[in-house]
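Below is one structure; the comments refer to it alone.
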Amino acid sequence: MTAVQRSALLALACSFAALQANADENASSKELDTLYETVERLEQRINELESDKAPSPSRGGAGDWSERIRLSGSSELDYLQGQGADYGLYDEGSTQIYDARVFLDADLGSDARIGESTVYRDAGFTFEWNLVRLGSLRNEIGDLYVDLRGLGGADWLNLEAGRFQIPFGENYLRFGRGRKSDPFVALSAAPPWFWDEGVKLWGKSSNGRFGYVASVTDGEGGINLENNSSKQVTLKLSWDPSEWLHLSASALRTGRLGNDDTPAVASVWLGEAFPKMFGGGSSAVNFDHGAAIADGPNELSNITVIGADAVVNLPAARVWLSAGNAAIDSTGPSVYNRDLLYWLAEVVFQLRAITPALDPMYLAVRANGLGTYDKDEGYLLDFRYRDVGYNMRALDAYAVALGLPLGNHIVLKAQYAIQNMDLVRGITDQDIRDAANDADFFGMEIGVHF
């Protein structure tokens with residue numbers, strides 16, 4: 001309604017009130033009826049004008065979309081200095097865009113009903129576009145799912161359908177949109193994570209202390225890749241006995257991976273590699289119990305991962321402990337089966353506890369590892385060491401980082417890390433030994449999140 005329209009309506013209303021108050025003395029009944037009709041016509045016209053100006057939901061007016069869609073993103077510019085390009089972690093003194101992502105979230109509506117029954121309370125759509133990951137141009141999809149919350153009106157039943165991060169443990173929460181919560185620069189942790197396509201159910205108890213996340217996905221590496229009909233299932237149970245303690249236990253089980261023509265590649269990421277058919281992705285000779293062996297068959301029978309996490313939130317510190325086991329079973333002889341152990345211990349300390357002058361700086365320390373820890377059995381634990389192949393029995397990393405958040409959207413970080421590699425016994429190939437050097441690196445990062 002314009003200012004002129006409001007003024008006209010107010011003037012007529014005032015005139016109407018005055019005429020009504022003095023109707024006996026100054027107006028006839030006919031004049032009052034005429035004024036009633038005039039006011040009614042003006043109100044109707046104003047309502048029509050306002051209806052014409054309002055955006056139609058079916059047409060998707062500009063005002064409608066601006067309220068329903070949100071764009072966000074993140075980017076990290078890193079300077080990394082390591083041991084060189086041949087076998088080290090990073091090129092000498094390289095400056096690179098290490099990670100860049102764009103996120104789109106859309107509100108798809110609320111309170112959907114069939115008759116008197118609630119279908120869902122809220123619906124949304126999420127899309128993540130990965131431009132750069134691990135310093136390489138990717139241009140690929142991260143998250144892409146529809147989110148239905150409050151199914152049947154229940155607080156404990158929510159659903160995601162599409163491509164999402166595999167809900168196992170606590171490590172996956174630091175990737176994608178959660179990257180800003182990672183206090184370190186470039187070296188990832190050992191516990192499992194990655195994306196896969198399928199359906200996820202999740203929810204919490206009414207008091208918020210107990211939670212669950214369950215999923216069924218295809219289990220194969222790559223997007224929309226199905227080499228057979230088997231599926232991957234996960235279940236994560238969490239418990240918050242107090243405000244400062246979070247506990248969770250997780251399990252993952254795949255079906256058969258790969259087929260006669262396509263080597264198996266899992267969808268879950270462990271350490272710095274996807275579990276594969278034994279010998280896949282490397283031309284190095286495989287050694288087992290001191291002797292050379294051929295590559296295994298293309299197919300994996302299954303992968304089973306179990307793990308537990310504990311997060312302690314103190315006034316000036318956060319402690320994260322994680323450990324688990326990944327059993328990788330081949331369809332061939334048992335010599336190709338592997339049990340990988342992963343572990344992690346991390347502390348993030350807020351320096352304001354020392355002096356308020358250091359707020360909001362933090363100091364982070366982490367130790368983590370992955371391997372068979374068996375001198376006779378190895379596996380490919382880092383895809384960057386293909387020349388070492390499936391002869392790594394352990395890959396342990398130790399890192400210290402200093403961070404400075406500048407407001408809510410910028411953070412500066414510096415980190416020093418050491419990575420140690422142990423090989424199985426009996427290796428006679430000198431090229432493998434030369435490639436299996438330990439590594440260290442120094443990194444600095446400026447991260448932007450909006």
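Annotations for the structure displayed:
- Nearest-10 value in Å² for the accessible area of residue 289, using the 1.4 Å probe: 100 Å²
- Here the Kirkwood formula puts the hydrodynamic radius of the stretch 252-392 at 16.9 Å, using every distinct Cα pair.
- For the stretch 218-278, the percent of C-alpha pairs falling in each 5 Å distance bin, counted from 0 to the bin holding the largest distance, reads 4, 16, 21, 19, 13, 9, 8, 6, 3, 1, 0.
- For the stretch 300-381, the list of trypsin sites (Lys or Arg not before Pro) that fall in a loop by DSSP and count at most 15 other C-beta atoms within 10 angstrom reads 375.
- Listed residues 429, 376 arranged by accessible area, highest first, probe 1.4 Å: 429, 376
- Accessible area of the stretch 338-450 belonging to carbon and sulfur atoms, whole % at 1.4 Å probe: 60 percent
- Charge context of residue 318, other residues only, Cβ under 14 angstrom, K/R +1, D/E -1: -2
- Of all accessible heavy-atom area on the stretch 117-251, the percent that carbon and sulfur account for (1.4 Å): 62 percent
- Look at where the Cα atoms of the stretch 224-293 and of the stretch 376-450 average out, and the two centres are 20 Å apart.
- Under 5 Å between amide hydrogens, built in the peptide plane, is the criterion, and for residue 218 it picks out 197, 232 among residues at least 5 positions away or on other chains.
- The stretch 160-262: GluC sites (Glu not before Pro) in DSSP coil with no more than 10 other Cβ atoms inside 10 Å: 243
- Size check on the stretch 188-231: the Cα extents along the three principal axes, sorted descending, read 42, 28, 14 Å.
- Taking all protein chains as shown and a probe of 1.4 angstrom, residue 265 keeps an accessible surface of around 50 Å².
- Backbone HN-Hα couplings from phi across the stretch 433-447 [Karplus 6.51/-1.76/1.60, Hz, Gly and Pro as x]: 5, 5, 7, 8, 7, 5, 9, 9, 7, 10, x, 10, 8, 10, x
- Taking a sphere under 14 Å around the Cβ of residue 361 and counting the other residues whose Cβ falls inside, with K and R at +1 and D and E at -1, yields a net charge of +1.
The values are calculated or read from the model by the stated rules, or taken from the named source; none is laboratory data. It should be emphasised that the depicted structure is a prediction, and the values quoted were computed from it without experimental measurement. Because the Cβ atoms are built from the backbone with ideal geometry, glycine has one as well, and the counts that use them run over all protein chains shown. Accessible surface areas use protein heavy atoms only, side chains included; no ligands, DNA or RNA. Shrake-Rupley method; radii C 1.70, N 1.55, O 1.52, S 1.80 Å.
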